[in-house]
1. Name the long-range amide H neighbours of Ile119: under 5 Å, sequence gap of 5 or more, or other chain; modelled H, no Pro or chain starts.
2. Residues with amide H under 5 Å of Ile99's amide H, sequence separation 5 or more or different chain, H placed in the peptide plane at 1.01 Å from N; which?
3. Can you tell me which of Val73, Val17, Val100 moves the most in a GNM of the chain? Springs connect C-alpha atoms under 10 Å apart.
4. Which whole-percent values make up P(r) of segment 47-142 when all C-alpha to C-alpha distances are grouped in 5 Å steps starting at zero?
5. Could you check the simple spin-label distance between Gln94 and Ala24, using points 7 Å along Cα→Cβ, in nm with one decimal?
6. How far is helix 80-89 tilted off the main Cα axis of the chain, in degrees rounded to 10, range 0 to 90?
7. Relative contact order, percent, of the chain when contacts are C-alpha pairs under 8 Å separated by at least 6 residues?
8. Where does the chain land at 222 nm, in deg cm²/dmol rounded to the nearest 500, when only DSSP H runs of n ≥ 4 count, each adding -39500 (n - 2.57), divided by all residues?
Amino acid sequence: MVRQRHRGTAIISIGIVSTIALVATGWFIYQCQNRLTTPKSELKRNAKCFILTPEMFSQGINWKQEVSHGSVVLVSSELNNLADELKSILPSHQHRIIIVDNPKAIWSAVRHLKKYELIISRNQISSMPADIRRYVSTISVV
């Protein structure tokens, strides 16, 4: 009877030690994987929202690089020709060029996208709603 009790205690002890070793190994592997991949918050930190103007388009911004980092370009429907030109430059990223019908819809899209940085031109500052600062971390004026 004493041997059976000792054997049961040994089996339970081996089970506990095995479980701890398994959990520790899993935690170690998880930590190593996190160091190798880029966190989403870091990718989002690079993401920008451009409200396109003719002046901004002619400044020579590297649109391929910007869009590849998760940035989005909002284009007013009056500037459809610039949107078409951008789409021809960025054929694989056309989904990141959004044509918006009116100024209210532009600000609504900015709120919805919640990108890290908003890039606007000087003449758009006066029409920018006050609450936009809650939805983006940085506002840059070009």
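1. Amide H to amide H, under 5 Å and 5 or more residues apart or across chains, Ile119 pairs with Cys49, Phe50, Ile51, Ser140.
2. Those qualifying (amide H under 5 Å, at least 5 residues apart or on another chain) are Val75.
3. Sorting by GNM fluctuation, first place goes to Val17.
4. Pairs per bin, as whole percents: 3, 13, 28, 28, 19, 8, 1.
5. Placing both labels 7 Å beyond Cα along the Cβ direction yields 5.6 nm.
6. With rounding to tens, the tilt is 50 degrees.
7. Dividing the mean separation by the residue count of the chain yields 23 percent.
8. Rounded to the nearest 500, the figure is -16000 deg cm²/dmol.
FYI, it's all coordinate maths here, none of it is from the lab. Keep in mind the model is a prediction, meaning the values are calculated, not measured. All Cβ positions, glycine included, derive from the backbone under ideal geometry; neighbour counts span all protein chains shown.
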